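Working notes, structure below.
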Amino acid sequence: MLKKRWLAGGFVAALALAACGGGSTSSPGTGIVPAAGSPQAPAGEPGVRAAVTSTIQDHSFESGGFTYWQQCGSVKSALISSAQHEAGSVSDLNGRTVKPEVNGTEGVCQQLVVPAGGVITFWVYEGTNDTITYADQEADLLSTNNPTSVVKQLFKEATTTGGWVKRSYDVSAYAGQTLWLYFGVKGNGYGSDYVYQYVDNVAWASGGTSTPAPTPTPTGVPTSTPVPTSTPAPTATPVPTPTPAFLCNNAKFTADQSAFAAGTLHGDQEENVCGAVTQVLPKKKTASGNHGYYYVQLPSGYQIEIVCNLDAMAGGSLPPPATWPWVAVGDYSTVQGRYYYDSASSQGIDWTEDDTGSWPTRGWVVVNGVQYN
């Protein structure tokens, strides 16, 4: 950990200057600034309200973007993710669930007026292998006039919740004040660590209102003629789910992973896992050819790396598209392959051919019901 000790001094000061253009570096909220050039997003953006009120807009992030919430922090790469959600189908993801750790602060914020009797609630799903010295997950009320100033810190920690946890805070002492509500994480970019925080269902338990984001009406598009009552409504396209032909066994993987960690299991294992895709990495050329990499979220909360030999798969009976990536965040993937466990920080499932000699079983990858091998 010696490599990380420089964070406590010059790095934080440099981050504050880079994020705020100078000024005080002593504020607890250093580095947390809205992505837009001014505290509020420019007027005239589709769906942006004309006046700030106590209403929490898009409280479950279902609009899928950053019209009401803004990117905040020195790193502008917060995501609307379908990998985890407490309500609806998506949530806000700050930080990353895999290494390396975010380098700086990353989060979302929304400006609002604290209502009389205001009690705010929200759900978080947190994970990290770092400590509060170098990383944290947090929620704050920030000053409108000085977004680096924390008016009220709701929580600040470095923890792994193992699932969704509901939080509730009485902020009625700030009734009538216009403040930024901020959710985010902080890290120092260390290659062996990660820190993340999902946020969902942000609401007033009392004293205010929370509304979903309305779908903006495109300008210049005429209103369509109402469908006659005798015409049946079209059937909605279902969300991709694994088909019966590709059943998986996540429980076996979890048991094998625990046995590897305990030292009671040795040698590669055949696994069949499935889950939502949380991250896709660029392809990389190794001694054995071109490889693509992505991560699948398992029910245990662990995200396992999937390694695909792109050259071998291109010559298979069911080849994937020629251009990588052919999988995206939010897809549902089922994988059969060779599980290698070198250490807790070096493990993955490797799609493999059936002619490698030491591994007789052909692997396959399924993305939203489409099989590649």
> In region 329-341, which residue that is at pLDDT 90 or above and more than 15 Å from Tyr372 (Cα to Cα) is surrounded by the most Cβ atoms within 10 Å (Cβ to Cβ)?
Replying inline: Tyr339
> So which residues in region 105-140 are in contact with a helix residue (DSSP H, G or I) (Cβ under 7 Å, 6 or more places away or on another chain) and surrounded by 20 or more Cβ atoms within 10 Å (Cβ to Cβ), if there are any at all?
Replying inline: Val114, Gly118, Tyr134
> Looking at (1) out of contact with any Leu (no Cβ under 9 Å at 6 or more places or on another chain); (2) β-branched (Val, Ile, Thr); (3) part of a loop (DSSP other than H, G, I, E, B), which is the only condition Val329 fails?
Replying inline: (1)
> Which of (1) open to solvent by 40 Å² or more (accessible area, probe 1.4 Å); (2) assigned to a strand (DSSP E or B); (3) more than 24 Å from Ala175 (Cα to Cα) does Pro100 not meet, given it meets every other one?
Replying inline: (2)
> Restricting region 342-354 to residues that are among the hydroxyl-bearing types (Ser, Thr, Tyr) and assigned to a loop (DSSP other than H, G, I, E, B), which is surrounded by the fewest Cβ atoms within 10 Å (Cβ to Cβ)?
Replying inline: Ser345
> Does Thr144 satisfy being β-branched (Val, Ile, Thr), farther than 20 Å from Tyr198 by Cβ, open to solvent by 50 Å² or more (accessible area, probe 1.4 Å) and in contact (Cβ under 8 Å) with a residue 60 or more places away in the chain?
Replying inline: no
>> Which of the numbered conditions does Asn129 fail, given that it passes all the others? Conditions: (1) in contact with a strand residue (DSSP E or B) (Cβ under 7 Å, 6 or more places away or on another chain); (2) under 15 Å from Glu157 (Cβ atoms).
In response: (1)
>> Considering only residues that are under 15 Å from Glu138 (Cβ atoms) and hydrophobic (A, V, I, L, M, F, W, C), which ones fall in region 153-170?
In response: Leu154, Phe155, Ala158, Val165
>> Return the residues of region 213-231 that are at pLDDT 50 or above and either within 20 Å of Gln71 (Cβ to Cβ) or open to solvent by less than 30 Å² (accessible area, probe 1.4 Å) (or both); say none if nothing qualifies.
In response: Ala213
> open to solvent by less than 40 Å² (accessible area, probe 1.4 Å) and either free of Cβ contacts under 8 Å to residues at least 60 places away in the same chain or touching a helix residue (DSSP H, G or I) at 6+ places or on another chain (Cβ under 6 Å) (or both), is that true of Ala276?
Replying inline: no
> Mind checking which residues of region 147-175 are buried (at least 20 other Cβ atoms within 10 Å of the Cβ) and of a type in the set (Phe, Trp, Tyr)?
Replying inline: none
> Regarding Phe183, is this residue in contact (Cβ under 8 Å) with a residue 24 or more places away in the chain, in a strand (DSSP E or B) and of a type outside the set (Ser, Thr, Tyr)?
Replying inline: yes
>> Tally up the residues in region 306-328 that are under 22 Å from the mean Cα position of the chain (by Cα) and open to solvent by 50 Å² or more (accessible area, probe 1.4 Å), please.
In response: 1
> Given (1) modelled with pLDDT of 95 or more; (2) farther than 14 Å from Phe183 by Cα, where does Val90 come up short, assuming only one miss?
Replying inline: (1)
>> For region 242-273, which positions are buried (at least 19 other Cβ atoms within 10 Å of the Cβ) and of a type in the set (Lys, Arg)?
In response: none
>> If Thr131 satisfies all but one of (1) in contact with a Ser or Thr (Cβ under 8 Å, 6 or more places away or on another chain); (2) touching a residue at least 24 places away in the same chain (Cβ under 8 Å), what's the number of the condition it fails?
In response: (1)
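The values are calculated or read from the model by the stated rules, or taken from the named source; none is laboratory data. Remember, it's a predicted structure, so these values are computed and weren't measured experimentally. We place every Cβ from the backbone using ideal geometry, glycine too, and count neighbours over all the protein chains shown. We work out accessible area using only protein heavy atoms, side chains counted, and drop any ligands, DNA or RNA first. Shrake-Rupley method; radii C 1.70, N 1.55, O 1.52, S 1.80 Å.
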